[in-house]
Amino acid sequence: MLRNIPNKVDQAMLKEIVDESSYGKYDFMYLRIDFSNNCNVGYAFINFHDFVETRSNQKWQRFRSDKVAEVSYATIQGRDCLIQKFRNSSVMLEPEHYRPKLFFILQDGQELAGKEEPFPPSDNASKLKRSCENAEHVGLFAPSAGQHFRDEQRRRRSQYDRGTSLAERDEYYDEGLYLGYPNY
């Protein structure tokens, strides 16, 4: 994960900047965008094939910004895992320049290195549908209103979660439908 990216950088510009030090050495890039103001949110997921920390702790030369690039490990690591994470995401239905990108690396051949590789299509319609529904209601970022909000959301959601056998059984007992349990 690359952090502290100036907010006006778009994905094409970020690719140019990263290519200055790491051309052909990464195979995945996704610059997270806040669609409400059409700016990035300050970080990107980049899967470096041979990790090069040339960019870490460096100022962003093209911008009047005091931000210093910080490179850190993301929770999801590796090209295959990143593909699985994003191929069923609603972001794949956004305009092309907002989507995650795959790139050929030097090991794929000098002539292909740095060129965009096609992203695999969705392989789980229910995950994609759920991602689209979540994006409609919450956007790409869940509101961060603190613990009280999260507790309330968890409570509200659990009332309607009948998708597991445990939830169905709890509902069955709660409603007093089970004759061995008193209906309190």
Suppose the filter is surrounded by 14 or more Cβ atoms within 10 Å (Cβ to Cβ) and among the basic types (Lys, Arg); does LYS85 pass it?
yes
Considering every residue within segment 49-68, establish whether at least one is in contact (Cβ under 8 Å) with a residue 60 or more places away in the chain and closer than 16 Å to LYS15 by Cβ.
no
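Residue-by-condition table, conditions (1) on the phi > 0 side of the Ramachandran plot; (2) in contact with a Leu (Cβ under 6 Å, 6 or more places away or on another chain); (3) of a type in the set (A, V, I, L, M):
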{"position": "ASN7", "(1), (2), (3)": "no, no, no"}
{"position": "GLN11", "(1), (2), (3)": "no, yes, no"}
{"position": "TRP60", "(1), (2), (3)": "no, no, no"}
{"position": "GLY78", "(1), (2), (3)": "yes, no, no"}
Does ASP123 qualify as being outside any loop (DSSP other than H, G, I, E, B) and surrounded by fewer than 16 Cβ atoms within 10 Å (Cβ to Cβ)?
no
Of the listed residues (TYR160, TYR181), the one being surrounded by 10 or more Cβ atoms within 10 Å (Cβ to Cβ), modelled with pLDDT under 90 and out of contact with any Cys (no Cβ under 6 Å at 6 or more places or on another chain) is TYR181
Restricting the search to segment 11-39, which residues are touching a helix residue (DSSP H, G or I) at 6+ places or on another chain (Cβ under 8 Å) and closer than 20 Å to ALA135 by Cβ?
GLN11, TYR30, LEU31, ILE33, PHE35
Need pairs with beta-carbon distance below 7 Å; first residue not assigned by TED's automatic domain parsing to the domain that holds LEU102 and within segment 25-42, second polar (S, T, N, Q) and loosely packed, with under 14 Cβ neighbours inside 10 Å; sequence gap 6+ or separate chains.
none
Does segment 88-101 contain any residue that is small (Gly, Ala, Ser), at pLDDT 85 or above and in contact with a helix residue (DSSP H, G or I) (Cβ under 6 Å, 6 or more places away or on another chain)?
yes
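The values are calculated or read from the model by the stated rules, or taken from the named source; none is laboratory data. In this text, all values refer to a predicted model and were calculated from it rather than measured experimentally. Because the Cβ atoms are built from the backbone with ideal geometry, glycine has one as well, and the counts that use them run over all protein chains shown.
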